[in-house]
Amino acid sequence: MDLLLIKNADVYAPKHLGRQDVLINGGKIVRIGTDLETSYGSLSVEVVDASGLVMTPGFVDQHVHVIGAGGEAGYFSRTPEMRISQIVPHGITTIVGLHGTDGTARNIEALYAKVCSLEQEGITARMLTGSFEMPSATLAGSVRRDILFVDKVIGAKTAISDRRSSQPTRAEIEHLVAEAYTAGLVSGKRGYTHIHMGNGKRRLSMLMDIIRETELPPYLMIPTHINRDEGLFAQSIEFAKLGGIVDITSGIAPEYGFEGTIKPSKAIRRLLEAGVDVRQITMSSDANGCMAVYDSQGNYAGLCVTTVETIHKEFCCLVKEESIPMETALQFITTSPAAAIGMYPQKGQLAVGADADLVLMDSDLSIRKVYAMGRLAAEDGVSILKGAFE
């Protein structure tokens, strides 16, 4: 097959374009229009009739523990590596892999190898250097060198306001953000810092002080898990109004066992009602993350694990329960995260010249087909793409 032509889809790019045909060649979208021809000389064309289906961009998930996470309750509580067949049926075609609590037993080299493997298997995969630990675990000796010289590294990760963090000082966080920012300028990457937020009493105060008192761009500090509790969420609104980007975690919600959290779709609606710009709100899954639960005496009581399908579930909740227009709801998992990590307009939209990552859903928003770089990746909940040992 030389060309792929998907006809008669109701296209959300994420802007609603109505019924359109989409022509794909070499993993790129080359034409979008009505009644496109089905014959192109000597080139073979696979024609897919998408009548009755909605077409959207592939989802961008900027927080995925691809080599596993957890471990804080002992070695038995370490989550396993993810397989590509776990990812693509849920509409995710671009991921950013990163470390969790443990950046020692799970080393940064293994993370890089896994990201390369997932890209070879058929999706777009990038990674963050660093982990909960300070100084940061790196591949090339520093955060700056990793972003400059390692193709897959697009930013850095750290953790604050959490009992499991290294309790970094403001000076250490400033230095990390500055290193990532400068490396991004030189390398042409985003060079952002993705910041795990715990429910510590300092919350976002350190980051807001950095915004107010330094020259560092606020949009390159992205705190995640901001729907962890009401106190953190309230501060996130102020943080966003200072110019920062806030990341909602789709896998953290009361219905998934995380008590005291805010349901992601409701958190997004509340951010919009507070006047936060759509472009400053992203949603990621934290897939394969794991948090131990303890009783009031500090005794282990169980595990809560985050899963990749929550991105699509919470998108559906945005549309069906919160009555947010679909073209707006899509932005939180397509254009906004793609821009936040520096991969827009290549990712996060359906447009001529963009990568042919797309999702076909029925009228109930159930996923029917997923294409990654123009290749059928999943159909009716079953992954077509497989790892070498699946």
>> It is to be established whether one or more residues within segment 97-110 are among the aliphatic types (A, V, I, L, M) and farther than 24 Å from residue 188 by Cβ.
In response: yes
> residue 195 passes all but one of (1) in contact with a Pro (Cβ under 9 Å, 6 or more places away or on another chain); (2) part of a loop (DSSP other than H, G, I, E, B); which number fails?
Replying inline: (2)
> Given the conditions (1) surrounded by fewer than 24 Cβ atoms within 10 Å (Cβ to Cβ); (2) at pLDDT below 95; (3) under 21 Å from the mean Cα position of the chain (by Cα), and given that residue 124 satisfies all but one, which numbered condition is not satisfied?
Replying inline: (2)
>> The conditions are (1) over 18 Å from residue 122 (Cβ atoms); (2) out of contact with any Pro (no Cβ under 7 Å at 6 or more places or on another chain), and residue 59 fails exactly one of them. Which is it?
In response: (1)
>> What's the number of the only condition in (1) within 30 Å of residue 155 (Cα to Cα); (2) at pLDDT 95 or above; (3) not assigned by TED's automatic domain parsing to the domain that holds residue 125 that residue 388 fails to meet?
In response: (2)
> Before we move on, is residue 37 part of a loop (DSSP other than H, G, I, E, B) and surrounded by fewer than 24 Cβ atoms within 10 Å (Cβ to Cβ)?
Replying inline: yes
> Yes or no: residue 49 acidic (Asp, Glu), touching a strand residue (DSSP E or B) at 6+ places or on another chain (Cβ under 6 Å), over 30 Å from residue 105 (Cα atoms) and surrounded by fewer than 19 Cβ atoms within 10 Å (Cβ to Cβ)?
Replying inline: yes
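The values are calculated or read from the model by the stated rules, or taken from the named source; none is laboratory data. These figures come from a predicted structure and were not determined experimentally. Here the Cβ is made from the backbone with ideal geometry for all residues, glycine too, and neighbour counts use every protein chain on show.
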